[in-house]
Amino acid sequence: MTLDSLLIYDVADSVATLTLNRPEKRNALNGALVAALKRGVARAVDEDAVRVVALRGAGKDFCSGADLAELKKISTMGTAENLEDARSLGALFSQIRSCPKPVVAVVHGRALAGGCGLATACDLVLATDDAMFGYPEVYLGFVPALVMTILRRRMGEGRAFELVAQGDRFDAVRAETLGLVNQVWPSASFETEAHAYLIALARKPASALALTKSLLYELDGLDFASGMERAAEVNVEARVTGECRDGVRRFLEKSKD
């Protein structure tokens, strides 16, 4: 189905695929598409049948960044309006991070500026070997401030600063080396490989994935001792779930063979 014609929402094999549906605009982001993505992620969270959320782009590109009309509007808005607009995209990134289900960017073609930020905001990124990434905002005198909050956690300060200060495009192989992309496959086999990856992830115990994701990001704000204490609590939460108990039972039965 479509959400406001801007976003295609489909569920198969426990994976909710949200496809940005503005191929004629290279899936450029505007306020309406950001709002549709928020609704799509919220729907995926509410549906028990969904275990993994995948973000994709229709046509030749994942997402080219901000819509030209949006850029023109931004240039005429005042401080309060610009702050509201920036907070809206930031809310989407925060929603992706707080989503209890893994959110995976499936990238082909270009993922630039806000589009690269959208991919970076996801928990995992899969990419074709010819995909291109970049944060070129500096060329417009702009700052990719929202994504820097995430980049700072993904890599060291020097690497993060270089990417946003230079603003150059880089391919998926370098993105993988930098830690921005998890898996890179040739375009010819990408759909098969990505599908298998998503299905394998969806078959993992949902409670374990949710607890793993929440703990991973919660550790950002904790010192070592607090982190270890919280990890112990999460360990206990996992142990008492039905999925964990079933998994232990199956393992013990198998070990008897």
- Any chance the range 118-135 includes a residue that's surrounded by fewer than 15 Cβ atoms within 10 Å (Cβ to Cβ) and of a type in the set (Ser, Thr, Tyr)? no
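Only helices (runs of 4 or more DSSP H) wholly contained in the range 172-257 count here; list those with 2 or more residues that are touching a helix residue (DSSP H, G or I) at 6+ places or on another chain (Cβ under 9 Å) and free of Cβ contacts under 8 Å to residues at least 40 places away in the same chain.
Details: elements: 172-178, 187-202, 206-218, 224-239, 242-255.
Here the list reads 206-218, 224-239, 242-255.
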- Query: Mind checking whether some residue in the range 106-116 is in contact with a helix residue (DSSP H, G or I) (Cβ under 7 Å, 6 or more places away or on another chain) and within 20 Å of Ala44 (Cβ to Cβ)?
  - Reply: yes
- Message: Return the residues of the range 54-79 that are of a type in the set (Asp, Glu) and either at pLDDT 95 or above or over 24 Å from Ala127 (Cα atoms) (or both); say none if nothing qualifies.
- Response: Asp61, Glu70
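Go through the residues of the range 188-196 one by one and say whether even a single one is surrounded by 15 or more Cβ atoms within 10 Å (Cβ to Cβ), in contact with an Asp or Glu (Cβ under 9 Å, 6 or more places away or on another chain) and assigned by TED's automatic domain parsing to the domain that holds Arg56.
Of the residues in the range 188-196, the ones surrounded by 15 or more Cβ atoms within 10 Å (Cβ to Cβ) are 190, 193-195.
Add one more test, that the residue is in contact with an Asp or Glu (Cβ under 9 Å, 6 or more places away or on another chain), and what stays is 190, 195.
Pick out the ones that are also assigned by TED's automatic domain parsing to the domain that holds Arg56 and you get 190, 195.
Yes, the range 188-196 contains a residue that is surrounded by 15 or more Cβ atoms within 10 Å (Cβ to Cβ), in contact with an Asp or Glu (Cβ under 9 Å, 6 or more places away or on another chain) and assigned by TED's automatic domain parsing to the domain that holds Arg56.
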- Query: Do you know which residues across the range 159-170 are of a type in the set (A, V, I, L, M, F, W, C), assigned to a helix (DSSP H, G or I) and surrounded by 13 or more Cβ atoms within 10 Å (Cβ to Cβ)?
  - Reply: Ala160, Phe161, Leu163, Val164
- Restricting attention to the range 231-257, report how many residues are surrounded by fewer than 11 Cβ atoms within 10 Å (Cβ to Cβ), closer than 23 Å to Asp48 by Cα and not aliphatic (A, V, I, L, M). 2
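Listed here are the residues, each with its yes/no results for (1) touching a Gly at 6+ places or on another chain (Cβ under 6 Å); (2) among the β-branched types (Val, Ile, Thr); (3) surrounded by fewer than 14 Cβ atoms within 10 Å (Cβ to Cβ); (4) within 23 Å of Ala111 (Cα to Cα).
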| residue | (1), (2), (3), (4) |
| --- | --- |
| Glu157 | no, no, yes, yes |
| Ala172 | no, no, no, yes |
| Ser214 | no, no, no, no |
| Glu229 | no, no, yes, no |
- Message: Can you say whether Arg51 is touching a strand residue (DSSP E or B) at 6+ places or on another chain (Cβ under 8 Å), modelled with pLDDT of 95 or more, surrounded by 13 or more Cβ atoms within 10 Å (Cβ to Cβ) and farther than 17 Å from Leu6 by Cα, as far as the supplied structure shows?
- Response: yes
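The values are calculated or read from the model by the stated rules, or taken from the named source; none is laboratory data. Since we're looking at a predicted model, the values are computed, not measured. For neighbour counting, all protein chains shown are included, and Cβ atoms are generated from backbone atoms with ideal geometry for every residue, glycine included.
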